[in-house]
Each structure stands twice: as C-alpha cells, then as structure tokens.
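Chemist: The following block contains the structure, expressed as structure tokens.
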Amino acid sequence: MPSNVFALLNLWEWLPWLSGLFALLWFLHLSVRNASLADVGFCLAFGMMVLACGVFSIGDLSRRVLISGMGILYAARLGQHLFSNRVWKKPEDPRYQKIRAVLGGWGSIGMFCYFQLQVPASLLFAGLLCWVMNHPTGGISWWDGLGMMIFLIAIIGEALADRQLESFRQNPLNKGKTLQAGLWRYSRHPNYFFESLHWWAYVPLAIGLPWAWASIFWPILMTVSLLWITGIPWAERQALASRGDSYREYQRTTSVFFPWFPRTSAIQSET
C-alpha cells in the first residue's frame with residue numbers, strides 16, 4: 001500500500017488515540033475478566049478508521065460511500081456478535097484462559113500487550129479500505145460490483161453461520177454434541193471461511209490502482225492466520241477436548257474450511 005495514503009489521511013496521528021482506547025479496554029477487562037474485549041475493540045477501531053477515511057479521503061465520493069459502508073457494516077455486525085456472545089455476561093473464551101495459564105504471574109502484562117497489538121492490526125486492515133477508496137478513476141465499475149457481490153455473500157454467510165452456532169449452543173440438550181446442520185454440515189468452520197472470503201472482496205475493488213496485485217496480501221494474511229495460527233487450531237483443540245469422539249467423527253466426514261459435501265461416516269461405511 002502506498003505510504004502516502006497513511007500520510008494523506010493522517011492515520012499515524014490516530015496511534016496515541018487507538019493506544020489509549022485499548023488501554024482503557026484492557027483496564028475494563030480487569031474487572032470483567034474477559035479478554036474478548038480486545039476483539040470487540042478491534043472492530044470498533046477498524047470501523048472508526050474506515051469512517052474517517054470515508055469522510056476525509058480524496059477518492060470518488062460514490063466509491064468512498066460504497067467501501068466505507070462495507071467496512072462499517074462488517075465491523076458493526078462482527079463487533080455486536082462478539083460483544084453479545086463472547087463478552088456480555090459470558091465466561092472468557094478458553095483460548096484466553098489458556099494464555100493466562102501459560103503466562104502465570106505475567107498474565108496482566110501479557111494481556112496488556114495483546115490489547116495493544118490490536119492497534120497495528122486495526123491500522124493495517126483499515127488501511128486496505130482506505131487505499132482502495134483512493135482509486136484514481138471515478139464511478140463504480142463492474143469490478144466493484146463483483147467485489148460487492150463477494151462482500152454480501154461473505155457477510156451474510158458469516159452472520160448465518162454465527163447465528164446457527166449460537167442457536168445450537170443455547171439449547172441445553174445440545175451440551176457435549178456437535179452441530180452438523182445448516183452451513184456446519186458442509187464445513188467445520190464456515191464462520192472462518194466467510195470471514196476469509198470477506199477480505200477477498202476488496203481485491204476486485206483494487207483493480208486499476210497502482211500495485212493493485214498487492215491487495216491479495218490482506219486476504220492471504222487473514223486466511224493463513226485463520227487456518228494455521230489464531231483460528232482453526234485453537235477451535236479444533238477445544239472441540240476435541242470438550243466433545244471427544246463426536247468431534248473426531250465430525251472431522252472424518254466434514255471439510256475443515258472450504259464448504260463441501262460431507263463424506264460418508266466411518267460408522268455408516270461399516271454397516
């Protein structure tokens with residue numbers, strides 16, 4: 001991404017404000033004992049940056065409205081979901097409990113660093129949208145329409161996957177069971193798949209920009225993170241620990257990431 005985009009929009013001037021925001025959220029998390037506030041904070045910071053770019057950038061107005069609207073809708077939906085289902089009157093995510101256990105007496109300091117890491121993360125990912133807003137040509141092209149179509153599929157798909165999972169968890173009869181209906185019949189992590197797909201939506205929107213090919217960096221980074229670092233590995237270990245053989249059978253029959261038709265279960269094939 002051209003560095004002048006950051007300079008033009010004075011994004012670096014947001015650093016102390018964003019750092020202060022996450023310091024405040026860290027302080028609040030000491031009371032509620034829930035580090036998922038950092039994830040909600042990312043959505044808040046990301047949305048604020050995208051809104052600022054939409055208002056103050058010099059790109060075509062129609063593109064600024066389109067792209068900032070996409071970013072704000074994404075941040076608002078995900079932030080609301082995380083707050084309602086991971087923070088408000090909820091126990092802390094086991095991932096963060098594990099991190100606390102590993103850090104021991106350094107837990108508070110380690111979490112403070114984790115909260116502050118959301119500052120460069122929000123700048124990096126909001127920067128993609130800010131860059132795309134400053135397209136040299138005016139108006140909306142069919143490439144933009146393709147990006148918008150991908151975005152709508154992604155945000156609707158992720159919202160549906162999240163809703164299906166939360167509805168399943170709210171039923172006490174499903175405790176210890178594995179959701180294998182709806183989108184979860186075709187992928188073990190459809191929410192992560194659609195989260196990744198969302199970032200690919202901005203690649204067509206970048207076509208026509210200098211160095212447009214560099215726009216694939218963001219979706220690749222997010223996909224790699226979800227597949228091998230922050231997303232699926234943690235979720236799979238937690239599911240195996242809590243659901244055991246039920247989840248192992250689910251692993252044998254269901255695609256891990258990309259939605260696909262389930263395979264015949266081992267039990268069915270033996271009968």
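Bear in mind that the values in this text are calculations on the coordinates, not laboratory data. Since the model is a prediction, treat every value here as computed from it, not as a measurement. Note: ideal-geometry Cβ built from the backbone for every residue, glycine included; neighbour counts use all protein chains shown.
Chemist: Could you give the length gained on full extension between residue 177 and residue 156, defined as 0.36 nm per residue of separation minus the Cα-Cα distance, in nm?
Modeler: 5.0 nm
Chemist: Calculate the dipole size of the stretch 114-211 relative to its Cα centre from +1 charges on Lys and Arg beta carbons and -1 charges on Asp and Glu beta carbons; express the result in debye to the nearest 20.
Modeler: Working: 6 positive and 5 negative charges, 103 e Å.
The calculation lands at about 500 debye.
Chemist: With charges set only on the Cβ (+1 for Lys and Arg, -1 for Asp and Glu), what does the dipole of the stretch 1-140 come to about its Cα centre, in debye to the nearest 20?
Modeler: Working: 10 positive and 5 negative charges, 94 e Å.
Roughly 460 debye for the stretch 1-140.
Chemist: Looking at 198, 127, 176, which one has the Cα that reaches farthest to the positive end of the dipole of the stretch 68-227 (charges on Cβ: Lys, Arg +1; Asp, Glu -1)?
Modeler: Highest projection toward the positive end goes to 176.
Chemist: OK, next. For the chain, set up a Gaussian network in which alpha carbons nearer than 10 Å are linked by springs, and say which option among 155, 207, 67 fluctuates the most.
Modeler: Result for the chain, Cα springs under 10 Å: 207 fluctuates most.
Chemist: Given Cβ point charges of +1 (Lys, Arg) and -1 (Asp, Glu) and nothing else, what value in debye, to the nearest 20, does the dipole of the chain about its Cα centre take?
Modeler: Numbers: 21 positive and 14 negative charges, 169 e Å.
Using Cβ point charges on Lys, Arg, Asp and Glu, the chain gives about 820 debye.
Chemist: Which of 138, 261, 54 sits farthest toward the positive end of the charge dipole of the chain, with +1 on the Cβ of Lys and Arg and -1 on the Cβ of Asp and Glu?
Modeler: Sorting the options by dipole projection puts first 261.
Chemist: At a temperature of 25 °C and a viscosity of 0.890 mPa s, determine how fast the stretch 141-262 diffuses translationally according to Stokes-Einstein, using the Kirkwood radius over alpha-carbon pairs as Rh; express D in µm²/s, rounded to the nearest whole number.
Modeler: Numbers: Rh = 15.6 Å.
The calculation lands on 157 µm²/s.
Chemist: Do any cysteines of the chain lack a neighbour Cys whose Cβ is under 4.7 Å away, and which are they?
Modeler: Unpaired cysteines in the chain: 43, 113.
Chemist: Follow-up question, since we're still on this one. Which of 121, 154, 206 moves the most in a Gaussian network model of the chain with Cα springs under 10 Å?
Modeler: Comparing 121, 154, 206 in a Gaussian network model of the chain, the most mobile one is 121.
Chemist: When we measure straight from the Cα of residue 177, which aspartates and glutamates land under 12 angstrom away, once same-chain ones fewer than 8 places off are left out?
Modeler: 245, 249
Chemist: Once both axes come from the Cα atoms, what is the angle between helix 217-228 and the longest principal axis of the chain, in degrees from 0 to 90, rounded to 10?
Modeler: The angle comes out near 10 degrees.
Chemist: Next up: Any number yet on Rg/Rh for the chain, C-alpha, Kirkwood?
Modeler: Values: Rg = 20.0 Å, Rh = 20.1 Å.
Here Rg/Rh amounts to 1.00.
Chemist: Could I ask something else about it? How many times 2.2 N^0.38 Å is the alpha carbon radius of gyration of the stretch 114-162? Mind showing how you got there, number by number?
Modeler: On the way: Rg = 14.5 Å, N = 49, 2.2 N^0.38 = 9.7 Å.
In units of the globular-protein estimate, the stretch 114-162 measures up at 1.50.
Chemist: Let me ask something additional. Which log10 I(q)/I(0) values does the stretch 47-123 give at q = 0.11, 0.21 Å⁻¹ under the Debye formula, counting every alpha carbon as one identical point scatterer?
Modeler: -0.45, -0.99
Chemist: Can you compute the equivalent ellipsoid semi-axes for the stretch 1-140, i.e. the square root of 5 times each eigenvalue of the Cα gyration tensor, sorted largest first and rounded to whole Å?
Modeler: Working: eigenvalues 208, 51, 21 Å².
Taking √(5λ) for each eigenvalue gives 32, 16, 10 Å, largest first.
Chemist: Using helices alone, what [θ] at 222 nm do you get for the chain, with -39,500 (n - 2.57) per DSSP H run of 4 or more residues, divided over all residues and rounded to the nearest 500? Display every interim value, and only then the final one.
Modeler: Numbers: 13 runs with 186 residues, N = 271.
Computed mean residue ellipticity for the chain: -22000 deg cm²/dmol.
Chemist: Picking from 198, 189, 81, which is most flexible by a Gaussian network model of the chain using Cα springs under 10 Å?
Modeler: 81
Chemist: For the stretch 185-228, just the Cα atoms, rotate onto the principal axes and tell me the three extents in Å, largest first.
Modeler: Principal extents (Cα only, largest first): 40, 18, 10 Å.
Chemist: List residues of the stretch 36-73, by number, whose backbone nitrogen lies under 16 Å from a label position 7 Å along Cα→C-beta of residue 15.
Modeler: none
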